1. Can you spot a residue in region 191-212 that is in contact (Cβ under 8 Å) with a residue 40 or more places away in the chain, assigned to a loop (DSSP other than H, G, I, E, B), out of contact with any Pro (no Cβ under 7 Å at 6 or more places or on another chain) and among the small types (Gly, Ala, Ser)?
2. For Trp129, which of the numbered conditions (1) of a type outside the set (S, T, N, Q); (2) modelled with pLDDT of 95 or more; (3) open to solvent by less than 10 Å² (accessible area, probe 1.4 Å); (4) under 14 Å from Asn70 (Cβ atoms) fails to hold?
3. Say we look at region 306-325 and pick out the residues that are within 15 Å of Ala357 (Cβ to Cβ) and not aromatic (Phe, Trp, Tyr); which of these is modelled with the lowest pLDDT?
4. When only residues in region 177-203 that are hydrophobic (A, V, I, L, M, F, W, C) and more than 20 Å from Lys89 (Cβ to Cβ) count, which is most open to solvent (accessible area, probe 1.4 Å)?
5. Any residue at all in region 107-120 that's over 21 Å from Val238 (Cα atoms), out of contact with any Gly (no Cβ under 8 Å at 6 or more places or on another chain) and of a type outside the set (A, V, I, L, M, F, W, C)?
6. Step by step: first the residues of region 103-113, then only those that are at pLDDT below 95 and touching a Ser or Thr at 6+ places or on another chain (Cβ under 9 Å), then the one that is surrounded by the most Cβ atoms within 10 Å (Cβ to Cβ). Which residue is that?
7. For region 122-153, how many residues are touching a residue at least 60 places away in the same chain (Cβ under 8 Å) and outside any loop (DSSP other than H, G, I, E, B)?
8. Please indicate, with yes or no, whether at least one residue in region 41-48 is out of contact with any Pro (no Cβ under 7 Å at 6 or more places or on another chain), surrounded by fewer than 19 Cβ atoms within 10 Å (Cβ to Cβ) and closer than 29 Å to Ala225 by Cα.
Amino acid sequence: MRFSLAWKLLFLILTIACKLETQVKCLEFNFPGFNVSNDRDLIRDNSYIVLGAIQVTPDVSGGPGGSIANQAGRALYNEPFRLWSKDKKATFNTTFVINILNKTDPGGEGLAFVLTPEKAAPQNSSGMWLGLVNERTNMTPESRIVSVEFDTRKSHPDDLDGNHVALNVNNINSVLQESLSGRGIKIDSGVDLTAHVRYDGKNLSVYVSRNLEVFEQRNLVFSRAIDLSAYLPETVYVGFTASTSNFTELNCVRSWMFEGSEIDGNGNMLWLWITIPIVFIVVIGAFLGALYLRSRSKAGETNPDIEAELDNCAANPQKFKLRELKRATGNFGAENKLGQGGFGMVFKGKWQGRDIAVKRVSEKSHQG
């Protein structure tokens, strides 16, 4: 039925509208390794793709004058991630393999997974600053970073040791630190380490392992309740930052997977809420029109095909209203039925004192 289809269409439109209003998108990517073709996928600041990995700080051939000392670098995915919108928060999971090899003894300084709106590392952010902040921006809202650091040197009095994982929030002084020494893991040993960072909108959890089975509970380093929207703008970039000082190391990311359900909070829904009432009115109008025509057709008041036949008839017979014929034939009562032919049933009746015969044409008739 036409009006049934119209209602289905309206229901579909409203369903789509509701989904769009609360829509989340997914930011997903997976780099099993890196090559020069991945350069277009990254925002690089003093970082390079070399030997199948991101060198977050330059290797020997990449640094100015061939030096890898006192460097800061940053490598971010080139598409921004919408972290929150109003009262909605995104979630994400990311897994990456890092390989940090000390070139001095001890090495320095470290590498971090970071969420930040800034594409470039701050000036003078080498050394203990890990390319995250500098002396001026440290502990200020201007820094706008949340990071999970893999620190390889005790370069600050508050550092737990030179082999720890920590959570930093707008500050090089960590909110939370956990040493990996008791787990038999040395960050700057040149061994591949698998790290997994998970955020469920309320808690940030970090796992580290020497093998790919990083998700086991025994590999949980820490889990911390944190509202990222309190420290970061709505849209951020995700990626890595690292630094060296006079103590040096190679800071490599060998693979990287990211899955995030981001909030589609662009708020540009005006077109939808203008369109919905218009479509609603059109659909309801079509429904009522179809219902009206259907009721008239059932009552026999109009039949376009029969009307056309009568109009083309040479005699052009007189037309009567249905109520007049009903009154003349006793509402087409069975007692007045004279017979039935191919066109329909014939009834006897009285009209203006004369005996008449009225043929009620059947809609199902295909004769004539």
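The values are calculated or read from the model by the stated rules, or taken from the named source; none is laboratory data. Nothing here was measured: the structure is a model prediction, and the numbers come from that model. Please note: Cβ atoms are built from the backbone with ideal geometry, for glycine as well, and neighbour counts cover all protein chains shown. Ligands, DNA and RNA are stripped out before the accessible areas are found, and what is left, the full protein with its side chains, is counted by its heavy atoms. Shrake-Rupley method; radii C 1.70, N 1.55, O 1.52, S 1.80 Å.
1. Yes, that holds for at least one residue.
2. (3)
3. So in region 306-325, the residues within 15 Å of Ala357 (Cβ to Cβ) come out as 317-318, 320, 324-325.
Next, only the ones that are not aromatic (Phe, Trp, Tyr) stay: 317-318, 324-325.
Values: Pro317: 65, Gln318: 71, Glu324: 83, Leu325: 82.
Among those that are within 15 Å of Ala357 (Cβ to Cβ) and not aromatic (Phe, Trp, Tyr), it is Pro317.
4. Among them, the one singled out is Val191.
5. Just the residues of region 107-120 that are over 21 Å from Val238 (Cα atoms), to begin with: 107-108.
Now drop any that are not out of contact with any Gly (no Cβ under 8 Å at 6 or more places or on another chain), which leaves 107.
Of the ones still in play, those that are also of a type outside the set (A, V, I, L, M, F, W, C) are 107.
Checking region 107-120: at least one residue is over 21 Å from Val238 (Cα atoms), out of contact with any Gly (no Cβ under 8 Å at 6 or more places or on another chain) and of a type outside the set (A, V, I, L, M, F, W, C).
6. The residue in question is Gly108.
7. So the answer is 5.
8. no
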